[in-house]
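To start, the structure itself, in structure tokens.
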Amino acid sequence: MVRITLQYGSSKYSSFGFAATALCFVSVFGDFAGGSALARMSLSLLGIHNNSRLLTDTYTVVYGAVLLWRDPIQSVLPHLLEAYRIAEKSGYVGTIGHASAMFYSYRAFFSGTELSSLGKEVAQFMRKSERDKRHVMTLSFLPVSKGVSYMGGSTTLHTNDSIEEEELDQVVNDQGLVVLECYLVVRLCCDIVFRRFDALKSVARKYLEYLERCGNGIAQYVHIPRHFYGGLISLHFYRENRDQFWLDRATHSISKLETWAAESVWNFENKLCLLQAEHHYTFGEMEDAATKYKQAIESSHKHRFFQEEAVACEQAAAFHMEIGNSDLADNLMKRALKCYRAWGAEKKAVLLERQLTKRDN
């Protein structure tokens, strides 16, 4: 379609042709600049031909899988929601329409969108996918819905908000890698937020390397948090037992974040700094670790990743407590509490508040 457009001129289908090519540039070749340029051309062509029927398709690909690698991730969310709403108004959501809701849900959850409102939106998406008999889509919404409830952001739709290892095993056997990766990243995030590291050891060992071997992320919309949270848990376990397995996972994740941070400081700098801080801590480079923890916190705040600011504060607090800076550690815990409250993670906030009260006493 791109070749035909360049040779004969644009048509109403040209926008999606450019969007699909942009996706190939990003996901296959790792050419984020080229993909971004093609994506913007796609949006320009969409405006010229004003084809509302292709808007959902184009927006889903462009904002859900291409521009987020260079543009602030929060800026893509309204466009993904618009793509879903337009499909919904047309009377036929279809696979692409449900995919736009899927992209929105995970991007929103992992970029710090307030959890209570997000939970209501995800519940609506799930009901629609169930009515449309989109079984895999419904299963893919389920982890983020559980994650919101687990954090305390909404009234639960589930008898059990946690994601158990047996559930992951069942998913990979019955539904495949895409749904597995969705379940895994939410489990990683939840257990790291609640600092239940030991509960993750078996799951992380079983599935992090497995998904790594499968290539550049099976489900692109959760590829980023898999490396961020996977890198954090890997460094934690390497500090415990010096098992090379964990260092290999962490090194791979840091390499990924270095590549992405070169494309978008906004989206990736804070994540990279926190992994680097943990790496310095792991190898006893305490001054460098302290510097990187501070940078991770400041970058998270500047770029409005409230939940990652909270995680960075807690990781830094544990570090400073270890080296005897208890007053600084307490202040970091209090800052984490404010961030969790801003995110809407009320269960975590209550737990952290109790811990702080005990320390004060």
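Remarks
- What a 1.4 Å probe finds exposed on the chain is 52% carbon and sulfur by accessible area, rounded to a whole percent.
- Using a probe of 1.4 angstrom and keeping all protein chains present, the accessible surface of the range 216-361 works out to 42 square angstrom per residue.
- Within the full protein context, the accessible area of M286 is estimated at about 70 Å² for a probe radius of 1.4 Å.
- 0 to 90° range, to nearest 10: angle between helix 223-241 axis and the chain longest Cα axis: 20 degrees
- Protein-only accessible surface order, largest first, of K348, K89, K302 at 1.4 Å: K89, K302, K348
- Most positive-pole-ward Cα, Y238, V178, I192, against dipole of the range 165-266 from beta carbon charges: Y238
- Three-way shape label, the range 44-94, alpha-carbon gyration tensor, a/c 1.5: oblate
- Cα shape, the range 236-361, gyration tensor, a/c 1.5 rule: oblate
- Contact order, relative form, for the range 46-124: 30 percent (alpha carbon pairs under 8 Å, 6 or more residues apart, mean separation divided by residue count).
- Whole-number percent relative contact order across the chain, with pairs defined as alpha carbons under 8 Å at least 6 apart: 13 percent
- Against the chain, whose longest principal axis is taken from its Cα atoms, helix 94-109 shows a tilt of about 30°.
- Angle of helix 201-213 to the longest C-alpha principal axis of the chain, folded into 0 to 90 degrees and rounded to 10: 40°.
- Label selected from (i) 23; (ii) 71; (iii) 39, the criterion being percent of Cα pairs over 35 Å apart as computed here: (i)
- For the set K120/K294; K12/K128; K146/K348, the pairs lying more than 23 angstrom apart at their alpha carbons are K120/K294; K12/K128.
- A 1.4 Å probe run over the range 57-111, with the rest of the protein chains in place, finds 29 Å² accessible per residue.
The values are calculated or read from the model by the stated rules, or taken from the named source; none is laboratory data. Just so we're clear, the structure is a prediction, and the values are computed from it rather than from any experiment. Virtual Cβ from ideal backbone geometry, glycine too; neighbours counted across all protein chains shown. What goes into the accessible areas is simple: the full protein's heavy atoms, side chains included, and nothing from ligands, DNA or RNA. Shrake-Rupley method; radii C 1.70, N 1.55, O 1.52, S 1.80 Å.
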